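A short write-up of the structure that comes next.
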Amino acid sequence: MACPRSHCLSKDFFERDPSVTKATVVIDGLFEWCQQNPVQEISRFEGNKWLGTEISATSDALEDIPLFSSDTATISLSPVVTNCGGELPLKTVSLKSDCHLTFQFMGEPPTLSEAINRQIVPVRDLLSLLMGFRAEILSISLTLADDGSSIKVYIPFVEANHADLPKYAKREMPFTFLKVRDKLQPMLENWFSLPDDARRAAGILLSLLSNERSIYLDSKFIAAACAFEAPSRVGHDLDEEPQEQFREKLDAIKRSISNAHIRRWALSKLKHTNFTPARILANKMLDELEPYASNIVPDRQRFEMNHLNARNAYIHHNDDLVKGTVPSGQDLRAHTEAVLFLVWGKLLNILGITPQELVDTLGSSFFHWNDLHRSQKMYTATKEESR
């Protein structure tokens with residue numbers, strides 16, 4: 001991932017891509033995800049009579065909360081309290097609390113672009129999966145390795161369009177800090193070493209989280225279908241049978257066809273066929289996601305058939321679109337949301353969240369509950385199918 005063109009501000013001269021030892025990142029939604037408020041407010045009443053209100057913030061509540069540690073960097077949540085009052089005597093007392101993300105780099109300090117591409121943006125992307133919407137970086141402050149001076153970085157990241165978020169989105173994050181606190185170290189290790197197929201699926205899913213209103217429904221489905229296929233390959237042998245056996249079969253076919261033209265034609269058609277079909281990989285992935293998969297699409301068999309037909313129809317624009325034999329309109333929307341739920345679940349499962357934890361989290365929150373309800377309703381199993 002290339003670092004976007006950035007602007008840096010400092011009182012002193014510094015290199016174009018300086019080495020850094022520390023980065024403090026402000027992310028919209030991080031405070032709600034953290035659920036750690038260093039400011040305490042206590043109001044006392046006697047019956048209906050108000051006796052007083054005490055507002056306090058102590059240094060103990062401002063200690064960093066470790067998230068991740070390696071030989072090259074540590075990542076922490078840093079509670080922050082800002083006194084928003086004016087000069088004394090004050091008529092207004094205002095304490096603003098927030099939470100920042102702090103990266104401390106050890107050993108050979110990375111350059112600005114390395115820190116952003118290898119640490120800051122990947123962690124932002126993982127937070128987006130846990131929050132359920134695209135986390136937006138508001139600012140980055142860096143400490144330079146050369147002289148310890150500070151600079152602020154302004155980078156035109158893709159806007160997350162938080163103005164379009166439902167009002168409850170920040171209150172209904174599926175996996176807040178408290179839910180995954182004990183898993184964050186291995187989750188981040190898995191995230192930094194994510195398999196290529198899973199990384200491609202994550203990139204597509206994150207792009208759809210950025211602004212779901214700006215993409216046509218059929219295009220969104222095609223992107224979701226690509227994201228669905230990529231992680232289904234993770235951890236599975238993509239060869240349908242061992243290469244040695246496959247070559248033996250090709251040799252047998254070569255010996256059995258005497259006509260040279262027909263022999264070349266047959267071998268050219270068959271030599272690239274030793275791969276596990278996508279439908280089988282998808283079925284295996286859904287098996288691994290149980291009971292979460294059946295919670296999203298109770299009638300798995302109908303979902304898998306619809307998905308295969310719709311994927312072929314919308315990618316190749318075949319006659320099924322005219323015949324109306326594949327999901328369209330509201331049905332395509334419900335199917336697409338089901339696919340995205342499954343991709344999201346698979347990625348978190350790769351990172352260390354169990355399928356049962358996914359089921360429990362959706363059952364105890366309002367995270368995209370309308371989309372979940374539409375998916376479940378569309379693929380509700382009939383009495384005959386559930387026997």
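The values are calculated or read from the model by the stated rules, or taken from the named source; none is laboratory data. Computed from a prediction, not measured in an experiment: that's the story for all the values here. Don't worry about glycine lacking a Cβ; one is built from the backbone with ideal geometry, like all the others, and counts go over all protein chains shown. Protein only, heavy atoms only, side chains kept; ligands, DNA and RNA dropped before computing areas. Shrake-Rupley method; radii C 1.70, N 1.55, O 1.52, S 1.80 Å.
Quick look at the values:
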read-out	value
Criterion violated by T143 - all others in (1) outside any strand (DSSP E or B); (2) touching a residue at least 12 places away in the same chain (Cβ under 8 Å) satisfied	(1)
Residues being among the small types (G, A, S) and either more than 24 Å from F177 (Cβ to Cβ) or open to solvent by less than 40 Å² (accessible area, probe 1.4 Å) (or both) - total across the stretch 23-60	5
Residue match in the stretch 330-347 (condition: over 28 Å from L130 (Cβ atoms) and modelled with pLDDT under 90)	yes
Search result, residues across the stretch 174-183 that are open to solvent by less than 10 Å² (accessible area, probe 1.4 Å) and either in a helix (DSSP H, G or I) or more than 28 Å from A282 (Cβ to Cβ) (or both)	F177, V180
Sole residue being at pLDDT 90 or above and not basic (K, R), chosen from L67, L51	L67
Some residue of the stretch 108-117 being modelled with pLDDT under 80, out of contact with any His (no Cβ under 6 Å at 6 or more places or on another chain) and open to solvent by 70 Å² or more (accessible area, probe 1.4 Å)	no
Subset of the stretch 335-357 [open to solvent by less than 10 Å² (accessible area, probe 1.4 Å) and of a type in the set (V, I, T)]	T336, V339, V343, I353
Residue ranges of helices (runs of 4 or more DSSP H) in the stretch 191-306 with at least 3 members farther than 29 Å from I120 by Cα and free of Cβ contacts under 8 Å to residues at least 40 places away in the same chain	243-256, 260-270, 278-288
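Here is a yes/no grid of residues against (1) closer than 16 Å to A293 by Cβ; (2) touching a helix residue (DSSP H, G or I) at 6+ places or on another chain (Cβ under 6 Å); (3) of a type outside the set (K, R):
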site: P327; (1), (2), (3): no, yes, yes
site: V339; (1), (2), (3): yes, yes, yes
site: N349; (1), (2), (3): yes, no, yes
site: T354; (1), (2), (3): yes, no, yes
site: E357; (1), (2), (3): yes, no, yes
site: G363; (1), (2), (3): yes, no, yes
site: N370; (1), (2), (3): no, no, yes
site: R374; (1), (2), (3): no, yes, no
site: Y379; (1), (2), (3): yes, yes, yes
